[in-house]
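The values are calculated or read from the model by the stated rules, or taken from the named source; none is laboratory data. Given the structure is predicted, the values throughout are model-derived calculations rather than measurements. Note: ideal-geometry Cβ built from the backbone for every residue, glycine included; neighbour counts use all protein chains shown. For accessibility, only protein heavy atoms count, side chains too; no ligands or nucleic acids. Shrake-Rupley method; radii C 1.70, N 1.55, O 1.52, S 1.80 Å.
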Amino acid sequence: LGAARAAMPEYGAEPSATAMPTTHAKPLSSALVWLRRDLRVDDNAALHHALHAARRVWCAFVFDRTLLDPLPRVDRRVEFIRDSLLDLDAQLARTATQAGVAGVRLVVRHGEAVTEIPRLARELDVQAVFASHDDDPYALTRDARVRGALAEAGIALHTGKDHVVFERAEVMTATLTPYSVFTPYKSAWLKRVDAQALSAWPVAELAGALAPLPAAVPAAVPTLGDIGFEASNLHALKLPAGAGGAETLWHDFVERIDGYAQTRDFPGIKGPSYLSTHLRFGTISVRRLAREAWQRMQGGSRGAEVWMSELIWREFYHQILHHHPHVVGHAFRREYEALRFDHGRQANAHYAAWCEGRTGYPLVDAAMHQINQTGYMHNRLRMVCASFLVKHLGLDWKRGEAYFAEKLNDFDLAANNGGWQWAASTGCDAQPYFRIFNPVTQSQKFDPQGHFIRRYLPQLARLPDAAIHAPWRARPIDLAGAGIELDRDYPSPIVDHDAARTATLARYADVKGRVASAAR
């Protein structure tokens, strides 16, 4: 991975405090922008640099079969990307038209990216390809292979930062080592951030360099069927795609951001921004979001300050992935590789119950129904469900990480891995292993009237508020009044909280003991 990173020539790390001039001698006659995590026109770093460097610029996206072929044929993320590409195609055409250029389209290919990008670059006879960084292990290997193939054809690959404010080694300790604890990382991040770091990469004033496609190069965005997928329930959910959808959600959240600190932990009310999928695919610029939050922080907004912390957590996990790629498939804290998780028939039955929302703990089950039905899970519930899998069921955190990776619309390797390792106490700055969420008290605290539970577990809807968090403790009269018979309409708990806590403490203490013994 280190070799792959070193092989990538980079363009500017931060936006200029002032817009670059629109007229200058450009070193390139033509360039291709390879869009991946940055599916927008506005404030797009790779597009800005290509337009600034080349007299003719085209943009392309590849439905990479290496990533898509293993997925189920109904996948909301693929549909979200496809809808966002339609929006992006329209954005490019509109931006070019306003600059006096007609016929500009987005090129979309379906195949292996390592083949399609070099082939398209040769077809368009470009001198360089511009793209934004992606530190996922597969992406690093892919990009190194693409760079090699392009180099054989005499074409350069230029990459740079776009999907985070600060990346890789930009925020380091005083001894130039990466942070492994969030709070000092956040402090260093906030000390470094300023208006320049959050300023946009302008595109509109450079858009005259966008070029219409040659007639021989097809440009239509394929249908889902064209790439082997089927429609999901995405359009029935409140998740509009593309930059237009991101704009709608952003304007809605800005009206609520000052109250975020008070509302963010309650899944039954409208507290989050719901922008995580848009951040994942870059349909809105993180610089724009952080800039608004930062400005509101200066005015004393506690909600904006807390939301900015969430953006910084995202960047913290990305730099962890960059500096410690072993976290993919392994514990960040290597001693926890020795954890003895449960396996076998009962463990598999417990895993299936967790996946399907049949654990007998309503908050956990409602959250799992939410992710299965919508591809979204409230952040508080991600922590509760992850803790339950590892510390109640005694199952390997990697099984839960993989399930979330398949289901989440906003799946991001760095954040998903970081969150799971935090919950499992195996990661950097993780919760202490003895901190074990009680799903009943979490439910009582964050869904006190059971609004969220009733939405996703309608069979419990008629239970009184006090009984809905733990139906097995409900009075027989309350169960009868709600039409519920335990283990017929809703399961009894598959594990006892106190017993599970005791087993978990012993599991982690065993590792601690072995580490201490080895140290002696």
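For TRP472, the test of being over 25 Å from the mean Cα position of the chain (by Cα) and either outside any loop (DSSP other than H, G, I, E, B) or among the basic types (Lys, Arg) (or both) is passed.
Can you tell me which residue in the stretch 344-363 is least open to solvent (accessible area, probe 1.4 Å), limited to those that are among the aliphatic types (A, V, I, L, M) and farther than 16 Å from PRO439 by Cα? Spell out how you get there, then give the answer.
Of all residues in the stretch 344-363, those among the aliphatic types (A, V, I, L, M) come to 347, 349, 352-353, 363.
From what's left, farther than 16 Å from PRO439 by Cα: 347, 349, 352.
On the way: ALA347: 6, ALA349: 55, ALA352: 31 Å².
That would be ALA347.
Whenever a residue of the stretch 89-101 is on the phi > 0 side of the Ramachandran plot, its partners that are surrounded by fewer than 19 Cβ atoms within 10 Å (Cβ to Cβ), lying with C-beta atoms within less than 8 angstrom and at least six residues away or across chains, give the pairs GLY100/GLY208.
Give LEU157, LEU150, LEU176 a once-over and let me know the one that is out of contact with any Cys (no Cβ under 6 Å at 6 or more places or on another chain), modelled with pLDDT of 95 or more and part of a strand (DSSP E or B). Before you say what the answer is, go through the steps one by one.
Details: LEU150 fails: part of a strand (DSSP E or B); LEU176 fails: part of a strand (DSSP E or B).
From the options LEU157, LEU150, LEU176, the qualifying one is LEU157.
Here ARG358 meets the list (1) touching a His at 6+ places or on another chain (Cβ under 8 Å); (2) in a loop (DSSP other than H, G, I, E, B) almost entirely, failing just condition (1). Screening ARG340 on (1) in contact with a Gly (Cβ under 6 Å, 6 or more places away or on another chain); (2) surrounded by fewer than 18 Cβ atoms within 10 Å (Cβ to Cβ); (3) not in a helix (DSSP H, G or I) shows it passes everything except condition (1).
Note on the stretch 284-298: residues that are out of contact with any Phe, Trp or Tyr (no Cβ under 9 Å at 6 or more places or on another chain) and open to solvent by less than 40 Å² (accessible area, probe 1.4 Å) total 2.
The residue that is modelled with the highest pLDDT, counting only those in the stretch 419-438 that are touching a Leu at 6+ places or on another chain (Cβ under 9 Å) and open to solvent by 10 Å² or more (accessible area, probe 1.4 Å), is ILE436. In the stretch 113-128, is there at least one residue being under 17 Å from GLY160 (Cα atoms) and touching a residue at least 60 places away in the same chain (Cβ under 8 Å)? Yes, the stretch 113-128 has at least one match. Exactly one residue out of ILE227, ILE269 is in contact with a helix residue (DSSP H, G or I) (Cβ under 9 Å, 6 or more places away or on another chain) and within 27 Å of ALA366 (Cα to Cα): that is ILE269. The residue pairs whose first member lies in the stretch 375-399 and is without any contact (Cβ under 8 Å) to a residue 60 or more places away in the chain and open to solvent by 10 Å² or more (accessible area, probe 1.4 Å), whose second member is part of a loop (DSSP other than H, G, I, E, B) and not small (Gly, Ala, Ser), and whose beta carbons are closer than 7 Å, counting only pairs six or more residues apart or on different chains, are MET383/PHE437; ASP396/PHE341.
When residues in the stretch 299-336 are screened for being in a helix (DSSP H, G or I) and either modelled with pLDDT of 95 or more or open to solvent by less than 30 Å² (accessible area, probe 1.4 Å) (or both), 26 of them pass.
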